[in-house]
Structures are given as structure tokens and as C-alpha cells.
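**Student:** Below is the structure I would like to discuss, written out as C-alpha cells.
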Amino acid sequence: MQQYEVIIIGAGASGIMCALNTSQKTLLIEASERVGKKILATGNGKCNITNNHLDVKFYNTPLVAKYFAKFNQKQTLQYFADLGIFTHFDDEGRRYPLSNSANTVLDILLKALSLKRNVTTMVNTVPLKITKTQNGFSVATQNQTFTCRKLVIATGGNSGMQYLQQLHVAYVDFKPSLVGLKTTRNKGLAGVRVSNVRVKFDRLFDEVGEILFKEDGISGIVIFNLSAHLARNHLRTGKVVIDLLANIESDVLLQMLQASVANNPNYLLLDVVEGLLHKSLAKNLLEKLALDKKVAKDSTAQELRSLVNLIKNYVVEITGYADNHQVHAGGVDLCNLDENLQHQHVPNLYLIGEVVNVDGVCGGYNLQWAWTSGKIVGEKF
Ligand SMILES: Cc1cc2nc3c(=O)[nH]c(=O)nc-3n(C[C@H](O)[C@H](O)[C@H](O)COP(=O)(O)OP(=O)(O)OC[C@H]3O[C@@H](n4cnc5c(N)ncnc54)[C@H](O)[C@@H]3O)c2cc1C
């Protein structure tokens with residue numbers, strides 16, 4: 001039986017950060033064949049490390065504030081710069097490595113990890129049974145059993161569930177978040193991208209951004225952010241109301257349509273609307289109103305008002321989540337953890353990253369939580 005002071009299960013963003021900051025004898029266990037693989041997929045391969053505008057409003061719980069007070073985005077950027085990873089940011093404050101390559105982030109983290117004499121890393125290893133012992137924990141894999149005084153669960157969302165159950169730790173069920181949404185059929189709209197749309201869902205969500213229509217779904221950052229709010233509120237279905245021309249007021253839009261009809265009376269109404277919106281969208285809207293064959297001069301004032309109303313209140317029926325979510329909502333509530341992320345009822349058990357019930361919207365906020373939580377726990381050891 002091999003003994004360690006600290007065992008970290010899961011070598012993703014939070015587990016690596018934790019291991020990098022320990023100084024005691026540590027075992028880092030990773031199920032897959034490679035450490036930190038998911039980091040390579042983040043930010044479309046560019047790794048959106050964090051965001052200049054870190055704020056609790058971008059998370060599901062304000063309790064994250066006390067952890068960011070210990071290690072925020074500025075300290076994260078300094079930490080990365082000290083490791084040799086320099087960053088730049090876009091208009092939304094999203095921070096990326098200067099190389100614009102997630103490989104850089106992973107390569108340098110792994111280099112730093114390889115220089116840590118106190119950390120042993122084991123890949124292709126999955127703990128099957130974790131037991132609380134008098135002095136800590138025993139962690140049994142298929143072939144070996146390890147013991148440790150302090151155990152850190154850093155498995156990401158769902159996969160940590162089995163260990164939480166074995167240790168009788170309560171958690172909120174994991175759900176997909178930051179994911180596209182399935183919808184009823186969006187006839188003829190597959191591949192249509194519309195920017196500056198306002199997306200509303202009851203009183204729960206109201207945000208402007210870009211959406212991408214799919215045959216039976218919608219996607220894009222604003223939709224990912226909506227999915228986070230749906231997940232937090234245990235919702236899978238409902239009506240999304242989209243203002244397709246969010247930066248034009250209804251009365252102005254009506255005047256524009258009326259002017260275009262007056263100037264081009266022999267156009268089809270479809271041609272008129274195409275001057276405002278993607279052709280496929282124009283066709284879809286006019287078909288819904290049975291105006292797709294209408295000549296502009298024959299359209300009535302009421303028909304143009306209905307068209308404006310539809311453009312400003314385009315309803316899409318959500319039927320569920322699409323596949324390939326980026327984040328899990330759910331996990332162990334922060335109110336059950338102390339200021340060092342130690343479980344209040346299971347001494348020496350620490351939880352970091354997505355296994356904690358912390359989820360943020362798009363923009364670098366989820367990785368920031370992984371860095372913050374990993375750093376806080378790691379430097380305790
Ligand atoms: C495609 C994609 C793009 C993303 N882009 C961004 C972005 O740009 N910015 C951002 O802030 N967030 C992004 N995210 C979210 C971000 O990657 C996660 O929030 C973050 O990686 C969570 O860190 P973690 O350490 O909790 O879990 P993970 O990074 O998921 O790491 C968990 C690790 O534990 C291992 N593991 C799981 N189960 C076991 C087990 N039983 N035994 C041993 N090991 C196990 C896994 O193999 C994995 O290596 C993205 C996510 C995805 C999927």
C-alpha cells in the first residue's frame with residue numbers, strides 16, 4: 001500500500017493547478033491517457049483562460065466571491081505570466097494566451113508539473129473505491145490501493161458522482177450547461193447566423209448576442225448562456241422569444257418597411273424583407289404569416305405590423321439540450337465547504353473545479369473557477 005500526504009483525483013485544469021501548488025508528497029491520478037486533455041479543446045483551441053471582468057454575477061452563486069478574494073483573475077494572470085504564459089484580451093475582456101493556442105497553456109503547465117519533485121502523476125488510472133479511514137482515505141484502483149491524509153476530488157462534473165456517493169457527500173444533480181438547445185424544426189434556417197439578436201426566456205434571461213440556427217436547434221454564445229440559466233433552474237423546455245433586429249425599434253422598423261414597400265411596389269415582400277434579414281430567415285418569417293408570395297404593393301398596413309411583431313418576437317420552442325455540453329451545472333454546494341474548500345462534514349476531503357456547484361457563463365469564467373479552486377486547495381498543502 002503506497003502512502004501519500006495528498007491524493008488528487010482528476011488531472012484537468014483544477015487538478016493540475018492544485019498539484020502545481022502543493023509542497024507535500026502528492027499523487028495526481030488521471031483516468032485518461034493524457035493529463036489536461038480538455039484544456040486543448042477550450043476556447044475553440046485558443047483556451048479562454050479567464051476574463052478581465054470577473055464578477056459574481058457571471059456565476060450561479062455569489063458565494064464564489066470569498067474564493068475570488070483569495071485568487072482572482074489578476075492573480076491568475078500573474079501566476080501564468082510567472083510560468084511564462086503571456087496573454088492578450090478581446091473586446092469582451094476574454095483572456096487568451098498570446099500564442100492563441102491552448103497547446104501553449106497545456107505544454108507549459110505540464111512542463112511546470114514535471115519539475116515538481118513532490119508530485120507523482122499516474123495516467124490511465126481510475127479509483128474504484130474510496131473509503132474514509134481513521135487517518136484519512138484509502139483509494140483503491142483495479143491493481144493497487146493508496147492511502148492519503150488529504151483527498152482532493154477534481155474529476156469535473158458527472159464523473160465525480162460515484163466518489164461523492166461513496167463518501168456520503170450530498171450534491172445537487174449534475175446537468176449539462178453551456179450547450180446548444182434542441183428546438184422544434186426551424187424550417188430552412190440550418191446554418192443561418194444572426195448577430196445583434198435579443199434572446200429572452202420569461203423573466204429568467206435577457207441577453208443580446210449572436211445565434212446560429214440549426215435544423216432542429218439553436219446555438220451560439222448567447223444560447224450557451226441561456227442554457228446555464230435553464231440548467232440552474234432545472235428547466236429543459238419552454239419558449240425562447242427572439243428579437244431578430246434588436247437594435248431597431250419597432251416603430252422605426254415599420255417605417256423602414258413601409259418606405260421600402262413604397263419605393264419598390266413591384267418587389268415581392270420577400271425581396272423587401274431580404275433588405276433587412278438573411279434571405280432564409282425572411283422566407284421563414286413570411287411563410288409563417290402566409291405572405292411569402294405577396295407582392296409588396298398588395299401588402300396591408302396590418303400585414304406589415306404583423307411582420308414587425310414577428311421580427312421583434314420570434315418564438316422558438318425549446319425541446320431539450322443538444323449534445324456536447326461544455327460545463328456541468330450541479331455538484332457540492334459551496335455552503336457545505338469551508339473557506340479552503342474542505343468539506344464541513346468530511347474532514348480532509350477537498351473539492352475543486354466543476355465537482356463543486358459553481359458554474360459560470362461563457363467567457364473564461366469556468367476555467368477561472370478551476371484555477372482559483374485548485375490554487376486555494378493546493379497551497380494549503
Ligand atoms: C469544448 C469545451 C470548451 C471550453 N472552453 C472553455 C473556455 O474557453 N473557457 C472556460 O473558462 N471554460 C471552458 N470550458 C469549460 C472548462 O474546460 C471546464 O470548466 C474546466 O475544464 C473544469 O475543470 P475541472 O478541473 O473541474 O474538470 P476537467 O477539466 O474536466 O478535468 C477533470 C479531469 O478528471 C479526469 N477524470 C474524470 N473522472 C476521473 C476518474 N474517475 N478518475 C481519474 N480521473 C478522472 C478527466 O479525465 C479530466 O482530465 C470548455 C469546456 C469544453 C468541453
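**Student:** Using only Cα atoms, figure out Rg for segment 1-135 and give it as a multiple of 2.2 N^0.38 Å.
**Tutor:** Working: Rg = 16.3 Å, N = 135, 2.2 N^0.38 = 14.2 Å.
Its radius of gyration relative to the 2.2 N^0.38 Å reference: 1.15.
**Student:** Nearest 20 debye, what's the magnitude of the dipole of the chain about its Cα centre given +1 on Lys and Arg Cβ and -1 on Asp and Glu Cβ? Walk me through the numbers before you get to the answer.
**Tutor:** Details: 40 positive and 33 negative charges, 153 e Å.
Computed about the Cα centre, the dipole is about 740 debye.
**Student:** Now a separate question. Packing-wise, with mean Cβ within 10 Å as the measure, how do 18-26, 117-125 rank, highest first?
**Tutor:** For the peptides 18-26, 117-125, the packing ranking is 18-26, 117-125.
**Student:** Calculate how many DSSP beta bridges within the chain are antiparallel, expressed in % of all such bridges and rounded to the nearest 5.
**Tutor:** Around 70 percent of the beta bridges assigned by DSSP in the chain are antiparallel ones.
**Student:** Something else about it: What residues of segment 13-39 lie in the reach of a label at residue 117, counting those whose backbone N is under 14 Å from a point 7 Å from the Cα along Cα→Cβ?
**Tutor:** Residues 23-26 fall inside that zone.
**Student:** Relative to the first principal axis of the alpha-carbon coordinates of the chain, what is the inclination of helix 301-312, with its axis defined by its Cα atoms, in degrees from 0 to 90 and to the nearest 10?
**Tutor:** So the helix axis and the longest Cα principal axis differ by about 10 degrees.
**Student:** Kindly express, to the nearest 10 degrees and within the range 0 to 90, the angle between helix 102-114's C-alpha long axis and the longest C-alpha principal axis of the chain.
**Tutor:** So the inclination is approximately 10 degrees.
**Student:** Continuing with the same structure: Can you give the FRET efficiency for residue 295 and residue 200, using 1/(1 + (r/R0)^6), R0 = 56 Å, r = Cβ-Cβ distance, to the nearest 0.05?
**Tutor:** Values: r = 34 Å, r/R0 = 0.60.
For residue 295 and residue 200, the calculated efficiency is 0.95.
**Student:** Okay, moving on. If the convex hull of the alpha-carbon atoms of segment 179-324 is projected onto planes in all directions, what is the mean projected area in square nanometres?
**Tutor:** Orientation-averaged projected area of the Cα hull: 8.1 nm².
**Student:** Quick one: putting +1 on the C-beta of Lys and Arg, -1 on the C-beta of Asp and Glu, what dipole do you get for segment 280-381 around its Cα centre, in Debye to the nearest 20?
**Tutor:** Using Cβ point charges on Lys, Arg, Asp and Glu, segment 280-381 gives about 700 debye.
**Student:** Treat each spin label as a single point 7 Å out from the Cα along the C-beta direction, and report the residue 185 to residue 256 distance in nm.
**Tutor:** So the two model labels end up 3.0 nm from each other.
**Student:** OK, next. Can you tell which of 299, 343, 367 lies farthest toward the positive end of the dipole of segment 290-381, using +1 and -1 charges on the Cβ of basic and acidic side chains (Lys, Arg; Asp, Glu)?
**Tutor:** Farthest along the dipole direction, towards plus: 299.
**Student:** What value, in deg cm²/dmol to 500, does the helix sum -39500 (n - 2.57) over DSSP H runs of n ≥ 4 give at 222 nm once divided by the residues of the chain? Write down the numbers at each step before the final one.
**Tutor:** Details: 12 runs with 115 residues, N = 381.
It lands at -8500 deg cm²/dmol.
**Student:** Helix 279-288 versus the longest principal axis of the chain: what is the Cα-based angle in degrees, 0 to 90, to the nearest 10?
**Tutor:** Taking Cα atoms only, the helix is inclined about 70 degrees.
**Student:** I'd like to know which of 49, 133, 273 lies farthest towards the positive end of the charge dipole of the chain, counting +1 on Cβ of Lys and Arg and -1 on Cβ of Asp and Glu.
**Tutor:** Of the candidates, 133 comes out farthest on the positive side.
**Student:** Work out the charge dipole of the chain with +1 on the Cβ of Lys and Arg and -1 on the Cβ of Asp and Glu about the Cα centre, then indicate which of 71, 311, 223 is farthest towards its positive end.
**Tutor:** 71
**Student:** Using the Cα centre of segment 179-324 as the reference point, and only Cβ charges (+1 on K/R, -1 on D/E), how large is the resulting charge dipole? Debye, rounded to the nearest 20.
**Tutor:** Result for segment 179-324 is approximately 280 debye, rounded to the nearest 20.
**Student:** From the P(r) of segment 127-220, can you give the percent of Cα pairs sitting at distances over 15 Å?
**Tutor:** 73
**Student:** Which links in 46/129; 37/187; 187/297 stretch past 29 Å when you go from one Cα to the other?
**Tutor:** 46/129; 37/187
**Student:** Below 17 Å, Cα to Cα, which aspartates and glutamates can residue 293 reach? Residues fewer than 8 away in the same chain don't count.
**Tutor:** 271, 274, 303
**Student:** A further question on this structure: Could you give the radius of gyration (one decimal) and Dmax (whole number) of the Cα atoms in segment 325-381, in Å?
**Tutor:** Using the Cα atoms of segment 325-381, the pair Rg, Dmax is 11.3, 34 Å.
**Student:** With no solvent and one point on each alpha carbon, what is the Debye value of log10 I(q)/I(0) for the chain at q = 0.06, 0.10, 0.14 Å⁻¹?
**Tutor:** The Cα Debye sum returns log10 ratios of -0.30, -0.69, -1.10.
Taken together, the values in this text are just the output of simple stated rules run on the coordinates, not laboratory data. Predicted, not measured: the structure shown is a model, and the values here were computed from it. Virtual Cβ from ideal backbone geometry, glycine too; neighbours counted across all protein chains shown.
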